[in-house]
Amino acid sequence: MKIILALCLSLFSLSSLAVVNGHLYPFDNDVDKKRFEVLAEELRCPKCQNQNLADSNAPVAADLRDKVYELMIEGQSDDEITNYLVARYGDFVRYNPAVQKNTFFLWFGPGVMVFIAIFVIVSISRGGKKSQPLSEEERAKLAELKAARSEKQDP
Amino acid sequence: MKRIFLFVPLILFVVMAAFLGGGIGRENKDVLPSPLIDKPFPQFILQQVEAEKQLTQSDLQGKPMLVNVWATWCPTCKAEHEFLNTLAAQGVRIIGINYKDDDEEAKVWLRDYGNPYEFNISDPKGKLGLELGVYGAPETFFVDGDGIIRAKHVGDLNQRIWDKYKTKFEQLADHSAAPLTDNASEMEVK
């Protein structure tokens, strides 16, 4: 009995166990374990849309977790696994959207906005400081107004 | 002239508001666009529920069909079942995928509530479901005579939904009149 227990314990110590949502996913190295945990965080559950595969208790999330594990054991890369799920469930499953035509605005919109904002602020502040010298006509008008005012003040 | 630039922020705001506001109206949280539209039905080899027969994707050709993903554990499937019976009675070809379910329970269900399906594909582990991007039964795929998925509906089918798809479904490529034999396909290639 003790031998069996010791064997079991040694098995656990040899492998890296990922515990995701109460399920055990054994890996033979820590790198794959970490990859699995990151993927389960970055992939989205299609059923319960504000949760990732790691958080969700939905049966479909469990299926997808198992599939990710299966593909990872087969030796597929993170990109291959993500593409596998995107091909079936759509871009929706990515919490980290790819840079592509329809996400262009998402990725670069904010940068463009900031650029426009800086341009607007700079042009407004520059425009404000620039004081143009008065023209001949304006000077004459000013002198006239000043004269009229001093006349009023001391009659 | 410079004053026109004062309106730039307002114009930007209006453009953004229209863009984002339009997005809010369009979003339907329950329905995800399927990447499988206009793609061939995924390959599979699975048993039929009602008989000892192996089925593959090539069984999903000929006459345009609805491929309906259902299960006995799914309450909405029960809700739409009567409507599927109605459609089948009108001559609409319906194929079932019994998704993550028990074959015996499925047979009892079909006996009790009627069987609108030409045949049922048994998918106890949900493998075909995963290939199809199924995330909640019932889901219905509109497949044309070439075995190409042309549309997908998530949720129950009813008269209102059917009215939306009916015309499109009737226009799908139909090869039921002349079943594809080797000769026929060769002729088409030439």
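Restricting to bridges with both residues inside the protein assembly as shown, how much of the DSSP beta-bridge set is antiparallel, in percent to the nearest 5?
70 percent
Which one, A:Y89, A:L145, A:P59, is farthest towards the positive end of the dipole of region A:33-155 when Lys and Arg carry +1 and Asp and Glu -1 on their Cβ?
A:L145
Based on the Cα coordinates of the protein assembly as shown, what is the per residue volume of their convex hull in Å³?
Convex hull of Cα atoms, per residue: 328 Å³.
Could you please rank A:W107, B:W109, B:W70, B:W162, placing first whichever residue has the fewest other Cβ atoms within 10 Å of its Cβ?
The order, fewest Cβ neighbours first, is A:W107, B:W162, B:W109, B:W70.
If neighbour count is taken as other Cβ atoms inside 10 Å, put A:R126, B:R3 in order from fewest to most.
Exposure proxy ranking, most exposed first: B:R3, A:R126.
Using a 10 angstrom Cβ neighbour count of at most 15 plus a DSSP loop assignment to flag exposed GluC sites (Glu not before Pro), which longest range of chain B is free of such sites?
After excluding every exposed loop site, the longest remaining stretch is B:119-190.
With +1 on each Lys and Arg Cβ and -1 on each Asp and Glu Cβ, how big is the dipole of region A:2-98 about its Cα centre, in debye rounded to the nearest 20?
Dipole about the Cα centre, nearest 20: 300 debye.
Against the empirical 2.2 N^0.38 Å scaling, what ratio does the C-alpha Rg of region B:1-126 come to?
1.69
Would you list B:H175, B:H81, B:H153 from fewest to most Cβ contacts within 10 Å?
Fewest-to-most ranking of B:H175, B:H81, B:H153: B:H175, B:H153, B:H81.
When the dipole is taken about the Cα centre of the protein assembly as shown, and only Lys, Arg (+1) and Asp, Glu (-1) are charged at their Cβ, what size is it in debye, to the nearest 20?
2040 debye
Just to be sure I follow: if Rg is taken over the C-alpha atoms of region A:2-98 and Rh is the Kirkwood radius over the same atoms, what is Rg/Rh?
1.04
Rule-based calculations on the coordinates, nothing more; no lab input. Computed from a predicted model, the values in this text were never measured in an experiment. Because the Cβ atoms are built from the backbone with ideal geometry, glycine has one as well, and the counts that use them run over all protein chains shown.
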